């Protein structure tokens, strides 16, 4: 992988270059101290990955990442910063990684190992999405970015989707994946696999085991592999009971 280092601190660039030199199949093709230099170096060298500081004079790393996302092909962006409060902003800019300074070799190695593994996975996922779009079929897996990098999650592993403010989480047996999609979009796409039980929740029919009380006049679903399922609204309770009665 070809890497461009962007940081206004020369010592930070030197440390990153030294650590990257210890990793296999990594080549530093350029360095930049600000966003203007970074755009010039990117156009000159076409790196696969940009290791990018967030807090810089002039255009910030977040703003630069948004500019880089307009290129075709766009590079993978890994943020490197001394502050952890930028994590959500980094996620929203679709960063592939998020490292805190001073960079630790093992964490840097883990991010680039993940990038190497995901190169083919991303291509496969994009190819699958294209085919499904052409056939108007639902996807077989979800693909989303997080501060830890890109994650792929099979639809078959999702127990339920849950909306909280402007974010939607795909909950599975080992955790959850934060998505940049609306619950309505997911409901339309996966109508045959998921049923709405609340204005903020869709549950997987394949894992639906029953209904249980969650207090006076309140109910929640019982899902395989989940300790506590989401709550059912009064509006959706009759339809869900009827659905369960029809379930073999």
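A simple spin-label model places pseudo-atoms 7 Å from Cα toward Cβ; at residue 23 and residue 234 they are separated by 5.5 nm. Calculated FRET efficiency, residue 44 to residue 100, Cβ-Cβ distance, R0 = 25 Å: about 0.30 to the nearest 0.05. Highest mean packing comes first when the peptides 170-176, 23-29 are listed by Cβ atoms within 10 Å, giving 170-176, 23-29. Full extension of the chain between residue 139 and residue 174 yields a length gain of 10.5 nm, computed as 0.36 nm times the residue separation minus the alpha carbon distance. For a test of the definition: using alpha carbon positions, the gyration tensor, and the 1.5 limit on a/c, classify region 2-119 as rounded, prolate or oblate. The shape class here is rounded. Fully extending the segment from residue 184 to residue 117 would add 20.9 nm, taking 0.36 nm per residue of separation and subtracting the current Cα-Cα distance.
Label-to-label distance for residue 227 and residue 152 is 3.0 nm, based on points extended 7 Å past Cα in the beta-carbon direction. Simple spin-label estimate for residue 107 and residue 205 gives 4.5 nm between the two label positions (7 Å along the Cα-to-Cβ direction from each Cα).
Read the figures in this text as sums done on the coordinates, not as results from a lab. Nothing here was measured: the structure is a model prediction, and the numbers come from that model. So basically every Cβ, Gly included, is an ideal-geometry build from the backbone, and we count neighbours across all protein chains shown.
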